[in-house]
Amino acid sequence: MSEARTYTAPAMALRTALILFIFVVLFTALLAGAYQWTKPAIEASAAAEKMKFINEVLPAGSYDNDLLNDTLELPPTPELGLTTSSKVYRARLAGQPAALVLEAVAPDGYAGEIRLVLGITAAGDVTGVRVVQHKETPGLGDYIDPKKDKNKAEPWIDQFAGLNYPQVAEREWKVKKDGGRITYRTGATVTPRAVSDAVFRAARYAMTHRNELFAQEAQ
């Protein structure tokens, strides 16, 4: 009797292992199938979200290439405040460099990092800036985000549009309290100062590295 049990136990263990293996294979196949089925919708949604921010900082009529397929992967870039890799979108018009859309970080916000996306033309004009992530104080420093800015007609962040890096002196990119031209709201100087500095650094980086950024092959 004991010999039968000794023989049956390994058989039962093997049977259980086979059942588990088949279950795992089937479950993995179902997950893979579901992923493949939903992948186009997920990619389309991600592309739409990217284009939403891009269209907010770069006029759609200013380029004619497929922006999402003309990109470069940047390594961590201290000039942009980036400690991780980021993506640069290259806008072209009739085959010629038109603008760059890139990310930047203001590391010295009042409540931590402020992540930005910017559009900068090949001539150095800032076409737009948007805050994509921040932790600034609600009702005090969060007006840097146009969705939180009570002035919907002229959001604070829009005053950077039109500033030209080669033509506007560095001191002009600072808040008025520091001798520049950028306005700020009373009681919240740290936040706009951090954003202003980050925008200036991004514009300078875009112009300094413009030729090499446009010359590299798309990734």
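The values are calculated or read from the model by the stated rules, or taken from the named source; none is laboratory data. It should be emphasised that the depicted structure is a prediction, and the values quoted were computed from it without experimental measurement. When we count neighbours, we look across all protein chains shown, and the Cβ atoms used for this are built from the backbone with ideal geometry, even at glycine.
Between Asn65, Asn69, which is under 23 Å from Ala203 (Cβ atoms) and modelled with pLDDT of 90 or more?
Asn65
Going through (1) under 18 Å from Leu80 (Cα atoms); (2) surrounded by 16 or more Cβ atoms within 10 Å (Cβ to Cβ) one by one, Gly112 falls short only on (2). Please verify whether Val117 is crowded, with 17+ Cβ neighbours inside 10 Å, farther than 14 Å from Ala206 by Cα, within 14 Å of the chain's Cα centre (by Cα) and in contact (Cβ under 8 Å) with a residue 60 or more places away in the chain, treating the condition exactly as stated. When the stated conditions are applied, Val117 does not pass them. Sub-7 Å Cβ pairs linking a first residue in the stretch 86-100 that is surrounded by fewer than 22 Cβ atoms within 10 Å (Cβ to Cβ) to a second residue that is in a strand (DSSP E or B) and of a type in the set (Asp, Glu), at least 6 apart or interchain, are Ser86/Glu103; Lys87/Glu73, ordered by first then second residue. For Pro146, indicate whether it is without any contact (Cβ under 8 Å) to a residue 40 or more places away in the chain and not hydroxyl-bearing (Ser, Thr, Tyr). When the stated conditions are applied, Pro146 passes them.
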